[in-house]
């Protein structure tokens, strides 16, 4: 199969000064120049950072590639190079086919121009030919649902209308290679959902897609393969479920176990510090848990001195990053200040409760300083997957399709004939 | 370790446009490389993007006089009122030389190319920063922005030219055969404006002093371009020095054809052509050299 993208040894260097003071005035430069001249100083040495470092990969035609990594890992820089907004410092990329991206939605819209004029302008900006826009014009207007307002200046549109129109243009670009940065995608949840939907459509028509996301569920669902970037370098490149799993368990914290080397470096303050946090099932740490059985979130912490009363608390997120629920230990044992010492508290998430997929947990040891919770120690997320072995005794029964929802309780049903 | 694999949606979502084939199956292969050491103008790429150039120029023209109460009348009013003031101050009070042509028509015919030049420089210099959203989000050859910028005031020029034709009838001043060369002189004005615009637009990405400097620069430049007095009335050696300013040849050559004043002289015209080419090549070189960093610094 033909390759769509070949990147060889891509590197991008930024000077810190350049990024921070995006632009100065001539006076500043002249003044700095004069100072250097008078004091015979050398040119100010910029601090340099590598946003990308020796990144190589290939994407074959029709492949859907996911890119993951935490903020600042170089994902956006990579997309900027692929869209040719910026050039690499070293290395090169060969791209076969037209590149479109959903990060450009609405760029080039001019408020004084009418919807019609803006469709043509925006289309050209995104690289469409005039006759192509002409041919697609009616479809675009229909998709956007702006109908009779097409000859009204865009400044009179509601923001929803102009976003719809802009998206309609971008969605009809028909690129051979589509770049999607979900992290940068502006707009509400509905709009992001449409972006994802459009991406799915495009990938199903056999086109090449590069998808940057923090949404691990969507990523594993949509991408065949994933690349994990960290500090500008490729850490892992392989089938997306494997890469996502390794990413989540990596040292940066998302995995079923999080341990701190010593008490000093652990999260906390002079009152309480965390020692470790982990997700377990049947007494052992579990990255993958069975949906039917309870999951224990174990929180080990040390109370350093007698002070205010503290208690543990967890916040559980679903794969989309929405809070599934909050829970805290309300037992009376935490009403009085705890004596200094080591504690391990376990929060039991019942079986047949969380839905399948990735769950992440945020742990705190807090004080109740009414009306707010005052955290003393906060842990980065730990993560585990909930899965259904499909033996027919869960809430799923014999159903094998996608099961929506944050929770998945096994309810008791009663049926009478009456 | 095992991983939760979500089932794909029950049925495949049909593509939104049934039967849609990529219209322009561009088998263009693009190789993205580090910044070249020696910048060059990629003419093939500019040709590929020609429709966008027209679209950008058209947008700027369409937007130019929107929500103004007298609209395109500004294009005529500006040079006309300036002409009246110059005629009073320089023509009547100071008695500047106009080489036998009625002063109003002399200065107005000079103001046309000059006003074009000054607006072209101003618009193209601001073009990159004014289109920041485009520059940071979409790829296209950035030179299109200053080029579109210099094409915008051409419409103003044409409108003001209609008034010039009326004045010529009024003052009974007739064009010479050299009017056939006038487009070439005007083109030289465009090339000079583009050169300056390319340079200043790239400087403006880094230093936002440019918008403050331009009115000042243009004010001074005007006095050395033969707008308020006839260059040909100056001592010869000054004429040669001023020929380094391409606008002297542009204005003088335009007037030669349109109102039949003295020709600018071949030697001096060639000096101006060389100067205009220098502006253009220098501006383009600086622009292309700074181009790769525009999106990072703008």
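Throughout, read-outs are computed from the coordinates displayed, never taken from laboratory work. Keep in mind it's a predicted model, so treat the numbers as computed, not measured. So basically every Cβ, Gly included, is an ideal-geometry build from the backbone, and we count neighbours across all protein chains shown.
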* **Computed P(r) (all Cα pairs; segment B:198-298; 5 Å bins; percent)** => 2, 12, 18, 18, 16, 12, 10, 7, 3, 1, 0
* Given N residues in segment A:336-387, what is Rg(Cα) / (2.2 N^0.38 Å)? -> 1.47
* **Rg and Dmax [Cα atoms of segment A:257-387; Å; Rg one decimal, Dmax integer]** => 14.6, 42
* Within a Gaussian network of chain B (alpha carbon springs, distance under 10 Å), most fluctuating of B:156, B:209, B:42 -> B:42
* Cα long-axis angle, helix B:153-171 against chain B (0 to 90 degrees, to the nearest 10) -> 20 degrees
* Asked: What's the FRET efficiency of residue A:326 with residue A:236 using the Cβ-Cβ distance as r and R₀ = 30 Å, to the nearest 0.05?
  -> 0.35
* To do: Tally the DSSP beta bridges in the protein assembly as shown and give the antiparallel ones as a percent, rounded to 5.
  => 80 percent
* Beta bridges by DSSP in segment A:257-387, antiparallel share as percent, to the nearest 5 -> 95 percent
* Asked: Compactness ratio of chain B: Cα Rg over 2.2 N^0.38 Å, N = residue count?
  -> 1.26
* **Under the Debye formula (equal points on every Cα, no solvent term), log10 I(q)/I(0) of segment A:54-134 at q = 0.13, 0.18, 0.21 Å⁻¹** => -0.58, -0.93, -1.09
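Once the convex hull of the C-alpha atoms of the protein assembly as shown is built, how many Å³ does it hold per residue, rounded to a whole number? Can you show the working numbers first?
Working: hull volume 182.4 nm³, N = 716.
Spread over its residues, the Cα hull of the protein assembly as shown gives 255 Å³ apiece.
Arrange the peptides A:408-417, B:101-110, A:149-158 so that the one whose residues have, on average, the most other Cβ atoms within 10 Å appears first.
Values: A:408-417: 8.1, B:101-110: 23.2, A:149-158: 15.3.
Taking the mean over residues of other Cβ atoms within 10 Å, the ranking is B:101-110, A:149-158, A:408-417.
Find the percent of Cα-Cα distances in segment B:41-179 that exceed 21 Å, and round it to a whole number.
Numbers: 5120 of 9591 pairs.
Summing the P(r) of segment B:41-179 above 21 Å gives 53 percent of all pairs.
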* **Label point distance in nm, residue A:374-residue B:35, each placed 7 Å from Cα along Cα→Cβ** => 5.3 nm
* To do: Distance from a point 7 Å along Cα→Cβ of residue A:407 to each backbone N in segment A:341-366: keep the residues under 15 Å and list them by number.
  => A:348-356
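Please compute, for peptide B:134-141, the average count of beta-carbon atoms on other protein chains lying within 10 Å of each residue's beta-carbon. Display every interim value, and only then the final one.
Values: counts 4, 2, 5, 12, 12, 10, 5, 0.
Whole-number average of other-chain Cβ neighbours for B:134-141 is 6.
What does the structure give for B:152-160 when I average, per residue, the other chain Cβ atoms found within 10 Å of the residue Cβ? Could the numbers behind the result be given before it?
Details: counts 0, 0, 0, 0, 0, 0, 0, 0, 0.
Counting other chains' Cβ atoms within 10 Å and averaging over B:152-160 gives 0.
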* Structure fact -> chain B, Gaussian network, Cα under 10 Å: of B:219, B:239, B:255, the residue fluctuating most is B:219
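Just the C-alpha atoms of segment A:305-349: what Rg/Rh do they give, with Rh taken as the Kirkwood radius?
Values: Rg = 13.4 Å, Rh = 12.4 Å.
Taking Rh as the inverse mean 1/r over Cα pairs, Rg/Rh reads 1.08.
So if R0 is 41 Å, what FRET efficiency would residue B:174 and residue B:277 give, r being the distance between their Cβ atoms, rounded to the nearest 0.05? List each step's numbers first, then the result.
Details: r = 32 Å, r/R0 = 0.79.
About 0.80, to the nearest 0.05.
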* Once the piece of chain linking residue B:42 and residue B:74 is laid out straight, how much longer is it, given 0.36 nm per residue of separation minus the C-alpha distance between them? -> 7.8 nm
* Two-site label geometry, residue B:240 and residue A:418: point separation in nm, points 7 Å out along Cα→Cβ -> 11.7 nm
* Structure fact -> Rounded to the nearest 10, the angle in degrees between the Cα long axis of helix B:266-290 and the longest principal axis of the Cα atoms of chain B comes to 20 degrees
* Asked: For a label point 7 angstrom out from the Cα of residue A:391 toward its Cβ, which stretches of segment A:283-299 have the backbone nitrogen within less than 20 Å?
  -> A:283-296
* Given the options B:152, B:196, B:72, which has the most mean-square fluctuation in a GNM of chain B, springs set between C-alpha atoms less than 10 angstrom apart? -> B:72
* Structure fact -> Relative to chain B, whose Cα atoms define the longest principal axis, helix B:246-259 and its Cα axis are tilted in degrees, nearest 10, by 60 degrees
* Inter-centroid distance (Cα atoms) of segment B:228-298 relative to segment B:97-164, Å -> 15 Å
* Which number comes out as Rg/Rh for segment B:140-281 once both Rg and the Kirkwood Rh are worked out on C-alpha atoms? -> 0.99
